[in-house]
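Worksheet: one structure, shown below.
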């Protein structure tokens, strides 16, 4: 698809019809890019609207000489989606899953191959010390960063990093031992 320079220039001059046509040309592709980052249809729709509002408001910041319009649009979409993942509301919604919910999701094998052993995951994690179970729950199942885990557990960041590495090594040993039996 060639770049619609005339539409872009018209949009930059405030032509709403040109903007509407640009939306029609690019919205499906941009939706896909955003969805890959967010994995949520409602949030993707919301961010898509935010992206095109930014395009409309910042249309004059785009220059035909500096690069392709689609690349400029992709950068806006990607940055907006990433900003959304960094928002407090998004992080809080992703922290609502507990380890039990994760295993339950895996146990519903309608989306997973029969080779996935969801019960095995629980079995391995449950063999760890309670501290390791809590760390893995925060870091891997709830999606906390190490800094957020440090704050939640009221433990120094360096200690969290060391314990996380040790717990993962322990989990690795357990899974290797079980695999060789």
- Query: Only one of (1) free of Cβ contacts under 8 Å to residues at least 24 places away in the same chain; (2) surrounded by 14 or more Cβ atoms within 10 Å (Cβ to Cβ); (3) closer than 24 Å to residue 144 by Cα is not met by residue 85, so which one is it?
  - Reply: (1)
- Item | Enumeration of residues in region 28-78 that are outside any helix (DSSP H, G or I) and either loosely packed, with under 14 Cβ neighbours inside 10 Å or not assigned by TED's automatic domain parsing to the domain that holds residue 14 (or both) | 39, 58, 63, 64, 65, 66, 67, 68
- Restricting to region 126-170, what's the tally of residues that are more than 27 Å from residue 85 (Cα to Cα), in a helix (DSSP H, G or I) and modelled with pLDDT under 85? 1
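The values are calculated or read from the model by the stated rules, or taken from the named source; none is laboratory data. Please read these numbers as outputs of a predicted model, since none were measured by experiment. Glycine gets a Cβ as well: all are built from the backbone with ideal geometry, and neighbour counts include every protein chain shown.
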